[in-house]
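The values are calculated or read from the model by the stated rules, or taken from the named source; none is laboratory data. Computed from a predicted structure; not experimentally measured. Note that we place each Cβ from the backbone using ideal geometry, even for glycine, and neighbour counts take in every protein chain shown.
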Amino acid sequence: MATESVFDRIRQVPDLLDFALQPLLRLALCRLHMYGLAIKLSERALRRWPQYRAFQLAELGTTYSAAGDLEHALECLKEACELEPANASYHLWLSCVYEDHVRLAPAIDHCERFVSMSPDLPESNRTEMGVRIERMRKRLEV
């Protein structure tokens, strides 16, 4: 019985490595401007690991954003936020995409959510987020 457990774990290693390395490979492909491959990799990960749907959607959303496909980026990141509303990083990423899309009101909302969900955020980052929010508010008033 114990032997089966060890062999089961050994068989899982390639899958665990693939899961761990997939975000790094996606990032490398984006840095090389190979967005089509990065999107395919992210879509494959979404199908392969449905139990991590929110994480995979967030990864896919940031990939779409890097590729300049802001509508698909918004769709993926909104769903990630709906699936895991307490994940501060997803709200920050969604805020960035909204800001890039010049949808400032929801960008401000999600940026504020990120700050409120991040009690351990260093003061310098908290100040930076405050400046970003104020900058967006001024743009919104114009």
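So, of the residues in the stretch 67-77 that are among the aliphatic types (A, V, I, L, M) and surrounded by fewer than 23 Cβ atoms within 10 Å (Cβ to Cβ), which turns out to be nearest to His91 (Cα to Cα)?
Restricting to residues being among the aliphatic types (A, V, I, L, M) and surrounded by fewer than 23 Cβ atoms within 10 Å (Cβ to Cβ), the top hit is Leu74.
Scan the stretch 83-102 for residues that are farther than 13 Å from Ser118 by Cβ and over 11 Å from the mean Cα position of the chain (by Cα) and jot them down.
Leu83, Glu84, Pro85, Tyr98, Glu99, Asp100, His101, Val102 - these are the residues of the stretch 83-102 that are farther than 13 Å from Ser118 by Cβ and over 11 Å from the mean Cα position of the chain (by Cα).
What's the number of the condition Val102 fails, among (1) surrounded by 14 or more Cβ atoms within 10 Å (Cβ to Cβ); (2) assigned by TED's automatic domain parsing to the domain that holds Ser116?
Tallying (1) surrounded by 14 or more Cβ atoms within 10 Å (Cβ to Cβ); (2) assigned by TED's automatic domain parsing to the domain that holds Ser116, Val102 fails exactly one: (1).
From Ala107, Ala54, grab the single residue that is within 22 Å of Phe19 (Cβ to Cβ), under 17 Å from the mean Cα position of the chain (by Cα), surrounded by 13 or more Cβ atoms within 10 Å (Cβ to Cβ) and at pLDDT 95 or above.
Ala54
I'd like to check which helices (runs of 4 or more DSSP H) are fully inside the stretch 45-142 and have at least 3 residues that are within 28 Å of Met34 (Cα to Cα).
Per the criteria, 53-67, 70-83, 88-100.
Hey, could you check the stretch 110-131 for residues that are in contact (Cβ under 8 Å) with a residue 24 or more places away in the chain and in contact with a Cys (Cβ under 9 Å, 6 or more places away or on another chain) and say which is surrounded by the fewest Cβ atoms within 10 Å (Cβ to Cβ)?
Only one residue fits best here, namely Arg113.
Could you say which residue among Ala38, Ala45, Ala66, Ala54 is among the aliphatic types (A, V, I, L, M) and under 14 Å from Val97 (Cα atoms)?
Ala66
Which one of Tyr90, Tyr64 is assigned by TED's automatic domain parsing to the domain that holds Arg26, of a type outside the set (Gly, Ala, Ser), under 30 Å from Leu46 (Cα atoms) and surrounded by 13 or more Cβ atoms within 10 Å (Cβ to Cβ)?
Step by step, each of Tyr90, Tyr64 is checked, and only Tyr64 is assigned by TED's automatic domain parsing to the domain that holds Arg26, of a type outside the set (Gly, Ala, Ser), under 30 Å from Leu46 (Cα atoms) and surrounded by 13 or more Cβ atoms within 10 Å (Cβ to Cβ).
For the stretch 36-46, how many residues are surrounded by fewer than 23 Cβ atoms within 10 Å (Cβ to Cβ) and more than 12 Å from Phe19 (Cα to Cα)?
Qualifying residue count, the stretch 36-46: 5.
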